[in-house]
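S.K.: Next up is a structure, given as C-alpha cells.
The values are calculated or read from the model by the stated rules, or taken from the named source; none is laboratory data. All figures in this text were calculated on a predicted structure; none of them were measured in a lab. Cβ placement follows ideal geometry from the backbone for every residue including glycine, while neighbour counts extend to all protein chains displayed.
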Amino acid sequence: MQPSADSLHLGNYLGALVNWVRMQEEYDAFFFIPDMHAITVPQPREELQERVRRTAAQYIAGGIDPDRSTLFVQSHVPEHAQLAWVMICQTGMGEAGRMNQFKDKSAKQGADSAGVGLFTYPMLQAADILLYQPHAVPVGEDQKQHVELTRNLAQRFNHRFGETFRIPEPIIPKDAARIYDLQNPTAKMSKSAESPNGLLNLLDTDKKIAKKIKSAVTDDGSEIRFDRETKPGVSNLLSIYSALTDKPIEEIVEQYQGKMYGHLKVDLAEIAVERLGPIRDRAEELLEDPAQLEALLAKGAAKAREVASEVLADVYDKVGF
Ligand code: ADP
Ligand code: NA
C-alpha cells in the first residue's frame, strides 16, 4: 500500500491487510512499503518520510508480525532498483504501453506530462516480486495484469539466460471485502474520496469512527436487506459489519429483521470502534518511538537483503555484469 496518505482506510484494512495477516500464518511472507512507487507522483520529502512510518505502524498494529514476516521499506533494499533496470531492459515499449493502469493514469495526466516512472513502474513491480523467488503474490483484480507481465519477464529472462526466477502465481482472494464510500456508496472507498466523511481512516478517533458510520448515507425504504443495486448504502454497511465480525451477511440481515437503519448503524459503530480503536492506539504507540520503529524496519531490510542480494548477484552474473 503506497505511503501516500496519512492513514490507511477501512478498504485498505478489510480488502488487503486483513488477508495479508491471515496469509502470514501459512506463508513465509515478505511485505514492504513501496516508497519508490510513491514518487511516481511528486511527494514532499517530510510527508513521504512521515507516511512511510505511519504506514509501517499501521501494518504492524493491524497484525503484520515483523518477527514472523519480513517487513521493510522498498528504498532500503537497493536491489529493487538494481533489478528493475534489468527488467526494464527486458520489456518492449508496446508491452509496457498496454498496461491498463498506465493507460488510465497517463490519460488522466495527459500523455506528455505523465512521468516516465508511471510507464516503468510495472517493471519495478516485477523486480519487487522476483527478488524474493515467491511461489505466490497476493494482489487485487486491478493488479493482475502486472503479475502477468512479471511472469512474462521472468520466463523471458529464464529462456534467455537460463533458469533463474521462479514463476509466481497471483493469489486474488475471492472473498476479499470490497468497501464503498460511506457518503457515496456506489464508489469504492478511496483515499481520494470527495467527502472526508465518506472515508473511514484506521487512525480516526473513536468519536470520528462512530460519527462517520452513524452519518453514512442509507437508502430509500427502511428494510435492512443486501442489494448492491437498489440499496448500496445499507449493503455497504452490511459488508463492513460482516467483514469486521466474520458473520455471514445473511445472518446479519436475519438479526436485523424488523429493525431500523439506526439500529444497524449504532451497533456497527460500536463494533468498528471496538475493532479499530486498539489498532489505532497500537499504531500511535509505535509512532511515539520512531527510533524503535526505524530499528525494526532496518532489521526487516537486512532480512530482505539476504534473499534479494543473492538473487541479484545471480542475475547480474548471468547478464554479464
Ligand atoms: P486507494 O484506492 O485508496 O488509493 P490503494 O489503491 O493504495 O488505495 O490500495 C491499496 C490496497 O488496498 C490494494 O490492495 C487495494 O486492493 C486495497 N483497497 C483499496 N481500496 C479498497 C476498497 N475500497 N475496498 C477493498 N479493498 C481496497
Ligand atoms: Na488507488
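S.K.: Any idea which of Gln74, Gln49, Gln58, Gln43 is surrounded by fewer than 20 Cβ atoms within 10 Å (Cβ to Cβ) and either touching a residue at least 24 places away in the same chain (Cβ under 8 Å) or in the same structural domain as Val273 (by the TED database) (or both)?
M.R.: The conditions single out Gln43.
S.K.: Those residues that are within 16 Å of ligand 2 (Cβ to nearest atom) and either assigned to a helix (DSSP H, G or I) or closer than 18 Å to Tyr241 by Cα (or both), I need them from the stretch 188-199; list them, please.
M.R.: The answer is Lys188, Met189, Gly198, Leu199.
S.K.: Okay, next question. Can you name the number of the only condition in (1) modelled with pLDDT under 95; (2) hydrophobic (A, V, I, L, M, F, W, C); (3) surrounded by fewer than 19 Cβ atoms within 10 Å (Cβ to Cβ) that Ala193 fails?
M.R.: Every listed condition holds for Ala193 apart from (3).
S.K.: Now a separate question. Which condition breaks for Ser215 when tested against (1) buried (at least 21 other Cβ atoms within 10 Å of the Cβ); (2) more than 16 Å from ligand 1 (Cβ to nearest atom); (3) of a type in the set (Ser, Thr, Tyr)?
M.R.: Going through the list (1) buried (at least 21 other Cβ atoms within 10 Å of the Cβ); (2) more than 16 Å from ligand 1 (Cβ to nearest atom); (3) of a type in the set (Ser, Thr, Tyr), Ser215 breaks only (1).
S.K.: For the stretch 169-179, indicate whether the set of residues that are touching a helix residue (DSSP H, G or I) at 6+ places or on another chain (Cβ under 8 Å), at pLDDT 95 or above and within 16 Å of ligand 2 (Cβ to nearest atom) is non-empty.
M.R.: Yes: the stretch 169-179 contains one or more residues that are touching a helix residue (DSSP H, G or I) at 6+ places or on another chain (Cβ under 8 Å), at pLDDT 95 or above and within 16 Å of ligand 2 (Cβ to nearest atom).
S.K.: Out of curiosity, is Lys188 exposed (fewer than 15 other Cβ atoms within 10 Å of the Cβ), of a type in the set (Lys, Arg), under 17 Å from Ala5 (Cα atoms) and out of contact with any His (no Cβ under 6 Å at 6 or more places or on another chain)?
M.R.: yes
S.K.: Then there is this: Of the numbered conditions (1) in a loop (DSSP other than H, G, I, E, B); (2) within 16 Å of ligand 1 (Cβ to nearest atom); (3) modelled with pLDDT of 95 or more; (4) not acidic (Asp, Glu), Ile224 fails exactly one; give the number of that condition.
M.R.: Against the list (1) in a loop (DSSP other than H, G, I, E, B); (2) within 16 Å of ligand 1 (Cβ to nearest atom); (3) modelled with pLDDT of 95 or more; (4) not acidic (Asp, Glu), Ile224 comes up short only on (2).
S.K.: Would you be able to say whether some residue in the stretch 287-294 is surrounded by 13 or more Cβ atoms within 10 Å (Cβ to Cβ), within 20 Å of Lys208 (Cβ to Cβ) and out of contact with any Asp or Glu (no Cβ under 7 Å at 6 or more places or on another chain)?
M.R.: Checking the stretch 287-294: at least one residue is surrounded by 13 or more Cβ atoms within 10 Å (Cβ to Cβ), within 20 Å of Lys208 (Cβ to Cβ) and out of contact with any Asp or Glu (no Cβ under 7 Å at 6 or more places or on another chain).
S.K.: Sticking with this structure for a sec: Output the helices (runs of 4 or more DSSP H) that fall wholly within the stretch 29-111 and possess 2 or more residues being at pLDDT below 95 and of a type outside the set (D, E, K, R), or say none.
M.R.: The helices (runs of 4 or more DSSP H) meeting that bar are 100-109.
S.K.: Considering only the stretch 1-28, state which residues are outside any loop (DSSP other than H, G, I, E, B), touching a strand residue (DSSP E or B) at 6+ places or on another chain (Cβ under 7 Å) and within 15 Å of ligand 2 (Cβ to nearest atom).
M.R.: If the condition is that a residue be outside any loop (DSSP other than H, G, I, E, B), touching a strand residue (DSSP E or B) at 6+ places or on another chain (Cβ under 7 Å) and within 15 Å of ligand 2 (Cβ to nearest atom), then His9, Gly11 are the ones that fit.
S.K.: So, in the stretch 118-150, exactly how many residues are within 21 Å of Ala81 (Cβ to Cβ) and in a helix (DSSP H, G or I)?
M.R.: Count: 18.
S.K.: Answer yes or no: is there a residue in the stretch 32-44 that is of a type in the set (Val, Ile, Thr) and away from ligand 1 (no atom under 12 Å from the Cβ).
M.R.: Yes, the stretch 32-44 contains a residue that is of a type in the set (Val, Ile, Thr) and away from ligand 1 (no atom under 12 Å from the Cβ).
S.K.: For Glu306, only one of the following conditions fails: (1) charged (D, E, K, R); (2) closer than 30 Å to Asp206 by Cβ; (3) surrounded by fewer than 13 Cβ atoms within 10 Å (Cβ to Cβ). What is its number?
M.R.: Evaluating Glu306 over (1) charged (D, E, K, R); (2) closer than 30 Å to Asp206 by Cβ; (3) surrounded by fewer than 13 Cβ atoms within 10 Å (Cβ to Cβ) leaves (2) as the failure.
S.K.: Please go through the stretch 81-101 and give me each residue that is within 23 Å of Val319 (Cα to Cα) and either of a type in the set (Phe, Trp, Tyr) or in contact (Cβ under 8 Å) with a residue 12 or more places away in the chain (or both), ordered by number.
M.R.: Ala81, Gln82, Leu83, Ala84, Trp85, Val86, Met87, Ile88, Gln90, Thr91, Glu95, Ala96 - these are the residues of the stretch 81-101 that are within 23 Å of Val319 (Cα to Cα) and either of a type in the set (Phe, Trp, Tyr) or in contact (Cβ under 8 Å) with a residue 12 or more places away in the chain (or both).
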